[in-house]
Structures are given as C-alpha cells and as structure tokens.
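Here's the structure, in structure tokens; my notes come after.
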Amino acid sequence: MSNISIEFFPPKTPEGAQKLRAVRKTLYELKPHFCSVTYGAGGATQAGTFATVAEILAEGEEAASHFSCIGASTEKVRSELLELKSMGVKRLVALRGDLPSGYGLGGEFHYASDLVRFIRAEMGDYFHIEVAAYPEFHPQSPSPQSDLKALLEKTRAGANSAITQYFFNQDAYLRFVHDALALGIEIPIIPGIMPISSAAQLIRFSDACGAEIPRWLRLRLQSFGDDVESIRDFGVEVITHLCEQLLKAGAPSLHFYSMNQSSAVMQICKNLNL
Ligand code: FAD
C-alpha cells in the first residue's frame, strides 16, 4: 500500500459510472491507502455517493465516504451512518458542506465539529474520521486564528486526521501545520493535491473554494490558450514539484483530487516513484 489516497465524485450517468470504473482500475495500480467519494457536492445525491463507495469496497479497496451535515436532521444523519456501517465502511470524511446561497444555516448541525461529536457519541470509535483543513483559510472564516480554532474544535470532537483544501503555495501549508501544532492540533494534516488539466476549470474552482492560484501560475496557464496538451504537461511538472517539496518537508501522505481522471495522477505518482 502506498502513502496516497484518491478522491472521486459520484458519476451522474451510467456512462460516467462505466468510465469511472476504468479510471479506478488504472489508479488502483498505485495501491492507494483508501479511495474517497464526495457527498452532496455539485448537486450530487447521497445515493450516488453510497453506490460508488459500495463499488470501491466490492473491488477490494478501502473506501471513505464523505459526509456533509448542513441542513440535515439528527435522524437522517443517524440512519445514514448506520447504513454506511452496515455496508462495511470504516472511514468518513466529515464535513459541514455548503447550502445554496440564501438558505441560511438551517438544520441541527452548524459546523463539522457538531457532526464529528455526534458520530463519536453515536458510534464510538467505529469510524476513522477525517476532517477538512484550509492552509489558505476557509472563505467564510473571519480570521486565520478562528479557522485554526475550528480545526482544533474538530480535533477535540474526535477527528483522527485532516485533509487540506488544495493549494499551490507550499509555505501556506507548512506554516499552517506549524501553527496548528503550536495550538495543540496533533493529528496528521494531509495535503490535498489538485492535478492541473484545464486552466478554465481550475480558475473557476479556485474562485469558489478560496484556493489561491499564484499570478505566475495563472498567467502561464492562460498563455497556453487552448493547447490542452501543453497545459497538462506543465501542470504535471508543477504538481510533481509541489509534491516533492511537501514530502521532503515531512507531509504524512498525499490526497489526490482525481476529478475522475487517471492520467495526471498516474504521471505525477510515476514521477515521484510512488
Ligand atoms: P467547518 O469546519 O464547519 O467550517 C466552516 C466554517 O465555519 C469555517 O469558516 C470555520 O472557520 C467556521 N467555524 C467552524 N466552527 C466554528 C465555530 N464553532 N464557531 C464559529 N465559526 C466556526 N463539500 C461537500 O459538499 N461535499 C464533499 O464531499 C466535500 N468534500 C471536501 C473534502 C475536503 C478535503 C475539503 C477540504 C472540502 C470538502 N468539501 C466538500 C467542501 C466543504 O464542505 C466546504 O469547504 C464547507 O464550506 C466547509 O466545510 P467544513 O467541514 O470545513 O466546515
């Protein structure tokens, strides 16, 4: 087993599901520690998440289900946790999630720490719980300090490890890990790695989630125009270098946002001899 994990999103069509099976088969060659499936992001359904998680388990791989709580009732969360347990899922990525704008903070869970606390109260230590962390800080956080405190709260509630939002500035990650440790956060903080395969898609995503694309990277990517192959080659080079630096600096492992594609992750891991 290697020191990487790989994230997928649930496909929306039977063709997408078929394509994802092939992508997973290729990526399993990397012997990931676990594969995770997002939940509720981009309008995807919970059923799609659970179905994809079930397929990964049936393929003999360790699967983590993402689980977001915003707007959910305790009954719904309880019954979904029991369903995941009965499927044999032992890992969760516990999140607050995002409501469409204008919905306010409805429901019985306001923060991911509420969910982690609930899972521990209901299910004890059965699940290994990952939570989200933000080296460049969550867009809704009033200050870096309060966002670090939110991670501390999730740790105190019982999180086992954290996966970060993606970033291209390794110093942001290293300083975040340093500051987290100084605050008493001793769980592993695993860098989330976003391979670059499309400039437009990356810019759109990054604007939405608050991840900064440095000026040099944005301008370089834009300079390739529609030359997809050059963007991909350049992206692999940039992300390989980032991963090398992170591993050298002591990152505990790497979590790849595959975007349901295999080629960039395969190439980066090959470059890293993983
Ligand atoms: P929280 O940790 O609850 O933090 C949310 C905000 O509230 C932050 O600004 C934080 O500083 C603040 N906060 C937290 N606790 C308190 C408190 N006690 N008092 C005051 N402020 C507080 N989204 C999906 O919908 N589905 C997914 O599958 C998914 N997977 C993800 C995986 C990873 C690794 C990451 C990094 C993000 C993922 N997201 C996913 C996105 C995530 O749901 C959003 O970023 C969401 O806005 C915040 O979720 P959170 O769990 O970090 O929330």
> With each run of n ≥ 4 DSSP H residues scored as -39500 (n - 2.57), what mean residue ellipticity at 222 nm is computed for the chain after dividing by its residue count and rounding to the nearest 500 deg cm²/dmol?
Replying inline: -15000 deg cm²/dmol
> For residue 59 and residue 169 in one chain, what is 0.36 nm times their gap in residues minus the Cα-Cα distance, to one decimal in nm?
Replying inline: 36.1 nm
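Could you please report the charge total around residue 154, scoring K, R as +1 and D, E as -1 over all other residues with beta-carbon less than 12 angstrom from its beta-carbon?
Its environment carries a net charge of +1.
Values in this text are rule-based calculations from the coordinates and carry no lab data. On a predicted model such as this, the values are computed, not experimentally measured, just so you know. All Cβ positions, glycine included, derive from the backbone under ideal geometry; neighbour counts span all protein chains shown.
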